[in-house]
Structures are given as structure tokens and as C-alpha cells.
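K.L.:
Could you have a look at this structure, given as C-alpha cells, before my questions?
What follows is calculated from the coordinates using simple rules that are stated; it is not laboratory data. Just so it is clear, the structure is predicted and the values come from calculations on it, not from any experiment. Cβ coordinates were reconstructed from backbone atoms using ideal geometry, including for glycine residues, and neighbour counts include every protein chain displayed.
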Amino acid sequence: MRQLKSVLRTPLGLTATLLTIGVLVLAVIAPILWTDDADAIDTSNILAPPSAEHWAGTDNLGRDIFYRTLVATRLSVELALAATAIAVVVGLLLGTAAFLLGRRGGRLVNAGINIAVAFPGILLALFFAVIFGVGATGAVLAIGMAGAPAFGRLTQTLVAGIAARDFVAAAQVAGVGRLRILLRHVLPNIGEPLAVNATISAGGALLAFAGLSFLGLGVQQPTYDWGRLLFDGISSIYVNPWAALVPGFAVIIAGLAFNLFGESVAKALGVGVVGGIPKLPSVAAHLDDVEPVEDTRHSTDDVVLDVRNLRVTFPGVRGPIRPVRGISFAVRRGEAIGVVGESGSGKSLTALAISRLVDDSGRVEADRLELLGDDLRAADSKAQRQMLGTSLAMVFQDPMTSFNPTQRMGRQLAESSRHHQGLSKKDALERAVDRLRSVRITEPEKRAHQYPHEFSGGMRQRAMIGMGLMGTPALIVADEPTTALDVTVQQQVLDLLASIREADDVALILISHDVTVVGEVCDRVLVMYAGRIVEDLRAADLAAAQHPYTRALMAAVPDMHTDLDQPLAVIPGRPVDPSDVPEGCAYAARCPLASARCRTEDPALVADAAGHRVACWHAGEPLPLEIEDRELEEAEAS
């Protein structure tokens, strides 16, 4: 209602709204009031010029052109709306095909859309008119099918944007099917731009239909629409030009009304109209094969997640790109493992691979990838989706995008229980309220009926954890769950995760940029760089880390003893681009200990007797800065 008021506040919006309403009202009442006058034949008054009795003159049978134009409004609008409906329905099917069918089927449909939108709409309409035949029905089908590719392209773009949101990924983790996700999570969030563009398309369909009828391919005698009246009026344009001008004016006014109204609503809602799709940036590729490293320190009795030689590959213009390059680790029941590293190191992509959320264009490979003994490399099945939906909880880093903004919180939490546990709507909502209470959200009964925007950032993050607890998870994967939260709320979220782990013996994978936070919460720390684990050590041993990268991460975190008069410690250089991984150790270009061997040979991840794994040719050697600090301390002591 607020958006409609904003449309009416502008002169253009008010004019377009009044025109659109006028056209629709006229389409309803004109045939009722003036059909008899429009069909009355007067052979004594054929091709009469405009007069007080006949405002636009008469046709070759003496029928009043003005009344016929008014009566033709209904058929013209009905046919345009029918063609628009066909374009919208077929466009929705085409645009959602990639989401529903997956990579291979979606590629074929997308290729068809790309070919179709390359042709002008009028050519497609004429092509389909020949196929479907002459007449109103054939013209409706022709214009509808001609408009479908553009609407499908728009739908495809909108669906791709929503499908990348965290709440869709959360539904996938919960095991919800693609069709259900599309109907409940995707389409409600793209409804506004689709409705706006459908309104604009109606104006275009009106003009296209008038064009086909004018060419003799649309409405046939004895019925008539504006295009047919225009066709008949052209034959007598030199005798009575108003016979062609009046229906022509009607087409222009109605077309402008629909188009301007749609544009005004689009501006008020802040949505775009049908247009081109930006091309994805191309990246270079380099494939770096790394020997897998086995992690055999734990027995399999209490292992929740077992990952061996995990690789994630995406296609590139010059060959495949591998952002995750052969990592191995295991997570035991009740154990907390932290994964740290700079942006682009492969942390989040590893979590997505474990959760089977890698995009269709990516390929996930592993020698072993098991959750509670179930092989996650197997083909998608109902049993696997149910296992993931109940045994794995995913907590995303952005709590605002983790929930569907069009649905109430209780309904979103209840979805997984209804889908996997077979609970009734009432029982699932009661469990959702209980889970909100368990994650320390006050007034959970009231909050369950609120929308995500009514929650604070910390509450949304706790609710996201509560969603994961709707089942009986054995593993929680928290991907930077404290991002954008203040320090107090960060501590509350971390304390909540720790208490859940302790109470239910749940395994935890905590992904973070902050190595000190991970050190406080987790039992073990995996340090990743350029898609590999470069060090795996106990959190208690972080101060004695052996890899130069881990020590640089520790040094870059300020503490109470940091000299504020000196520049903060930083890691020189930039992280490695996954599409251009150099030979040898990927960290060599930034490492102060790098030697010629480091630039030609990639060190393997080697474990010592205590289970500490490190991949470095100079593991444990003092850094130049550490030597300098030690010399200063000795000088001060002497």
C-alpha cells in the first residue's frame, strides 16, 4: 500500500494509474452499453465523415467507428492479457528449469533461451503465427510464445540471485527438494519484479496483437479488435482518415497506460525491468596437483566426519580451477575444530563441499567423504537428504540472508521437522518455539510469529543455530557465525555453540578469520592457505606453531601488549589467486624463510609423534623478526 501511494504521488504515476484503470473499466462496460450501437448497419450512411451523430464517421457498412472502437477494448485487452499470461507461464518454466533440472538439463534450456532472445520479438511472433495458424487463438499463442524467452531470461537471472542466498542453502542442507524450495523460498522473493515486468509486457502484447491483426493474421471477421479496425480503416483512409486514426489512438493510449504504470510501480518498488544479463567475469586457470595426505590418527569408532583428499574444481577459460586442493581431516564426536585462513584460502568452500552445496558448475571429488559412515559422494537421494537434514546443521555468516524475508520465523524453523520427521504443522511449530527457547531467545512464542527483519542480528544468528537443532545434529558447521556482530553478541553466540556441543556431544567445525577466537573455542585448529591445510595442531599449541603462515596470523592479532606507537603487524603481499597457483609452496612469495627449494617443491603435510601436522620445508625455524626481538631482549637484559 505504501508503494502504491508513492506511485500516485508523482504526476506520471498518477496519470498512468488513471489511464490503466480507465482502460480496464472501459473493457468491462463498453460491450454492455454500446454493442448494439456498434453493430447497427446503416447502408444509407456508408463511409460518412465525422459528425455530431457519428464522432469518428462510419465504415463501409455504415457502422459507427467510435462505438466499435470502444467495444473493441474488451477483446483487445483480453487477448493481450491472455498472451501475457502464456508468456509469463512459459517464461517461468524456462527460467526455473536450470534450478530444477540441474546443470546439464539447465544448460540446454538456457541455450535455447539465449538463441531465442537473439531474434527480434516481432520475427518470433510471425514465426509462431505461421505455426499456430491465422486467427485470434493462433495470434494469442504466437505472441505469448514470442514473449516467453525474454521473461524466461529475467526469471533465470532473478532465480540465480535468490538461489545464492543462505536461506536457500539452509533449506538444501535440511534436505528440502528443489521444487519445494522453488515454490516456498525462491518465487515469493521474486514476485514483485515479475509482476511489474508482466504489467509492462501486457502493454507490449497489446501493441503486438494489434500489429498481427493489422497484418491480417489476428482477429478475423466478424469479430474485431483495435488491430482489425485499423486494418479496415486503412482501406478508406483517403475518404475518412478517422477510421484508422481512432483505433490507432486507442492502441497507443492503452499501450502507454500499461507500460507507464509498470514503469512507475517498478520505480516505486526499486526493481528492474526486463533487460540484458551481465556476463560473468572470466578467470584464468591453473591446475596444481598435490599428493593427498592421509589423516590416520583417530579410530573410526567415534568419527563423525571423515574427509580424505577433498578437491573442489570449477571450469575456467584456460583450464580447471581448483580452490580446494586435496585436504584431509577427521572430526570426532564432541570435538571442536577451527578452520582459519585469509579470504580465498578455501575455508567456506570446504564447508559447502561437505554440505553438498557447491554450485552445479563445480565438481567435488574425494577419496573419502563420509558423515556418520554415509558416503556423501553418492548420488543425491531421499535418504541422503534426510540424513543431511537431521544430522548436519549449517550456520552461515550473514544472519540477515540466512532466512527467507517473506516467511515467519516459526514456519521456517518448522519446515525441516515437517519434511523429515513427519510432524504435524502444530507439533512442528511447537518444536520451533522450543528450539528458539533453547538458544536463549526471549518470548519465543511471540518471536515465532515475527519476520526476520524484526529480529536483531544476534537473535537471527541464534535462531539460525536453533534451526539446525530442529533435528538431532551430530555435526554443526559454523561459517564465520560472528561476522557483523558486536563483541558482546559474538561472545554470546560462541558460548551458545560451546554449550550445545558440551550438552549433546555434538561435533563442531568453526570457520573464522580470527585465529585467537578459534584458539579459545576449539580443540584443534586447521590452518588453510591456497586451498591446502598447511598446519594442523592443537589449539593449546598455537603459541608454538611451526608454519610461518600460522605464526604470521598470530602476530597480526593485536593484544593488550601491542605498542600503539608502532604500525600493526601485517602479512606482506597478497593471498594466492586460485586460478594462478605458483609452483612449489604457495606461501613462498610472502614467506621470510623461503628458499629456492620452496619455490620449486611443494612440501607434504607431515605429522609428528604428537599428531601435529605441518607442510613446510622450514617448519619451526625462527623468523627474522623473532631473531631481532630476541636480540633486543638479550641486549636489554645485559
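K.L.:
Counting each DSSP H run of 4 or more residues in the chain as -39500 (n - 2.57), what helix-only mean residue ellipticity at 222 nm follows after dividing by all residues, to the nearest 500 deg cm²/dmol? Please list the in-between numbers first.
P.N.:
Numbers: 20 runs with 310 residues, N = 638.
Result for the chain: -16000 deg cm²/dmol, rounded to the nearest 500.
K.L.:
Something else about it: Residue 220 to residue 18: FRET efficiency via 1/(1 + (r/R0)^6), r the Cβ-Cβ distance, R0 51 Å, to the nearest 0.05?
P.N.:
0.95
K.L.:
Helix check for the chain. Which DSSP H runs span at least 15 Å along their own axis by Cα, with a mean Kyte-Doolittle hydropathy no less than 0.0?
P.N.:
Those that pass (Cα extent of 15 Å or more, hydropathy at least 0.0) are 11-39, 65-117, 121-132, 136-163, 191-214, 242-269, 487-504.
K.L.:
For the chain, with only Lys/Arg (+1) and Asp/Glu (-1) charged at the beta-carbon, what is the dipole magnitude about the Cα centre, in debye rounded to 20?
P.N.:
The dipole magnitude comes to about 2400 debye.
K.L.:
Quick check on packing: order 226-236, 586-596, 55-65 by the mean number of other C-beta atoms within 10 Å, highest mean leading. Display every interim value, and only then the final one.
P.N.:
Values: 226-236: 22.9, 586-596: 18.1, 55-65: 20.8.
Output ranking for 226-236, 586-596, 55-65: 226-236, 55-65, 586-596.
K.L.:
Could you tally up the Lys pairs in the chain with alpha carbons closer than 23 Å? Skip any pair fewer than 8 positions apart unless they're on separate chains.
P.N.:
Within the chain, the lysine pair count is 4.
K.L.:
7 Å from Cα along Cα→Cβ at both residue 25 and residue 601: what's the point-to-point distance in nm?
P.N.:
With each label point 7 Å from Cα toward Cβ, the separation is 8.8 nm.
K.L.:
Still on this structure: In terms of the ratio Rg/(2.2 N^0.38 Å) built on C-alpha atoms, what value belongs to the stretch 135-265?
P.N.:
1.46
K.L.:
Just to be sure I understand: of the beta bridges DSSP finds with both ends in the chain, what percent are antiparallel, rounded to 5? Mind dumping the intermediate values first?
P.N.:
On the way: 28 of 46 bridges.
Expressed as a percentage, antiparallel bridges in the chain total about 60.
K.L.:
Compare the Cα positions of 410, 317, 547 along the charge dipole of the chain (+1 at Cβ of Lys, Arg; -1 at Cβ of Asp, Glu; about the Cα centre) and return the one farthest towards the positive end.
P.N.:
410
K.L.:
Can you list the equivalent-ellipsoid semi-axes of the chain, largest first and in whole Å, using the square root of 5 times each Cα gyration tensor eigenvalue?
P.N.:
Semi-axes (√(5λ), whole Å): 65, 26, 23.
K.L.:
On to the next question. Please compute the length gained on full extension between residue 42 and residue 375, using 0.36 nm multiplied by the number of residues separating them and subtracting their Cα-Cα distance.
P.N.:
So the extension gain works out to 111.5 nm.
K.L.:
Tell me, what is the percent relative contact order of the chain, built from C-alpha pairs under 8 Å that lie six or more residues apart?
P.N.:
12
K.L.:
Percent relative contact order of the stretch 119-176, based on C-alpha pairs within less than 8 angstrom and at least six residues apart?
P.N.:
The normalised contact order for the stretch 119-176 reaches 25 percent.
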